[in-house]
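Reading through the structure tokens given below for one structure.
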Amino acid sequence: MNHPLEDLSRRLPGLRLLADAGDLEHYGRDWTRRWTPAPCAVALPASIEEVQAIVRWANEHEVALVPSGGRTGLSGGAVAAHGELVVSLERMNRVLGFDAVDRTLTVQPGIALEAVHAAAREHGLIYPVDFAARGSCSIGGNIATNAGGIRVIRYGNTREWIAGLKVVAGNGELLELNRSLVKNSSGYDFRQLMVGSEGTLGIVVEATLKLTDPPPPSQVMLLALPDMDALMQVFAAFRAKLSLQAFEFFTDVALRHVLAHGAQRAIDGDHPYYVVTEFDAQDEAATDRALDVFGHCVEQGWVSDGVIAQSEAQAAALWRLREGITESLAPHRPYKNDVSVRIGAVPGFLHAMQALLAREYPQIEVVWFGHIGDGNLHINVLKPEAMADAEFITQCEHVTKLLAATLQEHGGSISAEHGIGLVKKPYLGSTRSAAEIALMRGVRTVFDPNGILNPGKLFADD
Ligand code: 2HG
Ligand code: ZN
């Protein structure tokens, strides 16, 4: 161990530190698998005090820290490739308390999203943010990226569900933000500033989450659509008549991959687009309304086929067609775009994007899917086996630049829910103005004067 790490061990004799090659690799990367992990070591603090001591030590020795949750990120936000110390919050993974009157759950940052769901359910309530990585991602990481997922259409992003946060800032100070108050009009809301800050302003060491009532019983439908323009028409028709919990889409290309990965086909024939939707169905009237809307969409020529789940198992099988996509694509080393536009701007943007991708990726398979009801699209570009990694990334970065310009024209964002991290930092300027980015950098300096928290992420290199 080199000198600064020896000093850390001396100061915190109980701190668990890992430095085996296997550990460095495991904790130094996220799901992007693009950068070679190279942290100097991994610290696994067990208390807020240990996190504070690590941050103070890092300031003294000018060691960069990479806060680390479940590392399911898709933008490289938790990658440690330059000798940083990874600060994994995985040992701080307990539920600390439930408040029945406030309807809040206080948790440590390393708890998995799925465990938060289970803890909320024990009290007859739900924590409604949800997505496929629920079993492996941590709540601290969800907060750092303002994670979205499949229920945003009903419940909004992580941001809406944070009542209060405890955060260790870049100078080691412990900040208690918002104290779980419902009403707190006392100046800048630093709690919300921390949400989505990608570990560049502070390390979340405790979170108090809002909970809510479970939704009424629901039904899940899979729809097959004949063309792209029908997507938003079907969305408008369903939203007008039903109370939607989710409205997700994918293409035939995505379907092919997910079927090859073990999912069950639910609709026969070839259809270019599919939608999985879930809606409140507390009584027969709601189901009848759904069937009416479906009939209307078929008459209009917007929907060519559909199935409504007859059991929980079938509902899960329909959801698998959508939620299994990321995993089914992983072996193809996809380059990921995660973009958004206003819901009203989706049709125009889809056309511009389709033309761009067809022109720029003529020989490359591109898979689209996502949370179309929120204006959020995931574009996964699959690496041809014969193409070298570097050539593939160069080509994708060229197209992403063009995509960023198209997004700018349509008033969109280069990152809807995955964060900027390393992958999208060259394109931040397409979504945020120069004045905004200058202020963002200024804010960073206030919270982390020595730039030790996740340096190299979010902002383009100077
Ligand atoms: C999803 O919506 C996730 O399934 C992952 O945000 C998206 O793999 C992706 O590109
Ligand atoms: Zn998503």
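Normalised by the residues of segment 333-446, what does the relative contact order come to in percent, with Cα pairs under 8 Å and at least six apart? Walk me through the numbers on the way to the answer.
Working: 138 pairs, mean separation 37.2, N = 114.
About 33 percent, as a whole number.
What are the semi-axes of the equivalent ellipsoid of segment 132-247, taken as the square roots of 5 times the eigenvalues of the Cα gyration tensor, listed largest first and rounded to whole Å?
35, 16, 13
Mind jotting down a quarter of the surface of the convex hull over the alpha carbons of segment 246-401, in square nanometres, one decimal?
Across all orientations, segment 246-401 yields a mean hull projection of 10.4 nm².
Calculate the spin-label point distance for His26 paired with Thr287, positioning each point 7 Å from the Cα along the beta-carbon direction, and give it in nanometres.
4.7
Would you mind ranking Trp31, Trp161 so that the residue whose beta carbon has the fewest other beta carbons within 10 Å leads the list?
Starting with the residue having the fewest Cβ neighbours, the order is Trp31, Trp161.
So, how do all the Cα-to-Cα distances of segment 330-414 break down into 10 Å bins, in percent, from 0 on up?
Bins of 10 Å from zero give 17, 53, 25, 4 percent of pairs.
What are the lysines whose alpha-carbon lies under 24 Å from the alpha-carbon of Lys424, with same-chain residues fewer than 8 places away excluded?
Partners found: Lys336, Lys383, Lys401, Lys457.
So for the chain, what are the equivalent ellipsoid semi-axes in whole Å, largest first, each being the square root of 5 times an eigenvalue of the Cα gyration tensor? The partial results should precede the final answer.
On the way: eigenvalues 289, 141, 80 Å².
In descending order the semi-axes read 38, 27, 20 Å.
Run the numbers for Arg441 and Ala460: contour at 0.36 nm per residue of separation, minus the present Cα-Cα distance, in nm. Could the numbers behind the result be given before it?
Values: separation 19, 0.36 × 19 = 6.84 nm, distance 1.07 nm.
Length difference between fully extended and current span is 5.8 nm.
Output the relative contact order of the chain, whole-number percent, from Cα pairs under 8 angstrom with separation of 6+ residues. Don't jump to the answer; show the numbers that get you there.
Numbers: 931 pairs, mean separation 71.3, N = 462.
Here the relative contact order equals 15 percent.
Using 0.36 nm per residue of separation minus the Cα-Cα distance, give me the extension gain between Arg359 and Glu62 in nm, one decimal.
102.3 nm
Please enumerate, by chain and number, the lysines with C-alpha under 23 Å from the C-alpha of Lys183, excluding those fewer than 8 residues away in the same chain.
The qualifying lysines are Lys166, Lys210.
If eta is 0.692 mPa s and T is 37 °C, what Stokes-Einstein diffusion coefficient results for segment 367-462, Kirkwood Rh from Cα pairs, in µm²/s? Walk me through the numbers before you get to the answer.
Details: Rh = 15.2 Å.
It diffuses with D of about 217 µm²/s by this estimate.
Calculate for the chain the 222 nm mean residue ellipticity that helices alone would give, adding -39,500 (n - 2.57) per DSSP H run of length 4 or more and normalising by residue count, nearest 500 deg cm²/dmol.
About -10500 deg cm²/dmol.
Over the alpha-carbon set of segment 185-235, divide Rg by the Kirkwood Rh and report the Rg/Rh ratio to two decimals.
Values: Rg = 20.1 Å, Rh = 16.3 Å.
Computed over Cα atoms, the ratio is 1.23.
Would you kindly compute the Cα radius of gyration of segment 47-138 and its largest Cα-Cα separation (Dmax), both in Å?
Spelled out, the Cα radius of gyration and Dmax of segment 47-138 are 15.6, 48 Å.
Report the Cα centroid-to-centroid distance between segment 278-343 and segment 183-222 in angstrom, as an integer.
For segment 278-343 versus segment 183-222, the Cα centre distance is 26 Å.
Please check which bits of segment 289-321 a label hung off Asp268 would reach, taking the label as a point 7 Å along Cα-to-C-beta and the cut-off as backbone N under 14 Å.
305-306, by backbone N distance to the label point.
At q = 0.17, 0.22, 0.29 Å⁻¹, what base-10 log of I(q)/I(0) does the Debye formula yield for segment 125-186 when every alpha carbon is treated as an equal point scatterer in vacuo?
The Cα Debye sum returns log10 ratios of -0.69, -1.00, -1.25.
Arg94 versus Glu327, label points 7 Å from Cα toward the beta carbon: distance in nm?
3.1
I want to check the label-to-label distance for Leu175 and Arg432. Put each point 7 Å from Cα in the C-beta direction and report it in nm to one decimal.
Using points 7 Å along Cα→Cβ, the separation is 1.5 nm.
Relative contact order for segment 237-390: what percent, with Cα pairs under 8 Å and sequence separation of 6 or more? Walk me through the numbers before you get to the answer.
Numbers: 189 pairs, mean separation 46.2, N = 154.
Worked out over segment 237-390, it gives 30 percent.
Read-outs: derived from the displayed coordinates by stated rules, not from any lab. A quick note: this is a predicted structure, and the numbers were derived from the prediction, not measured. For neighbour counting, all protein chains shown are included, and Cβ atoms are generated from backbone atoms with ideal geometry for every residue, glycine included.
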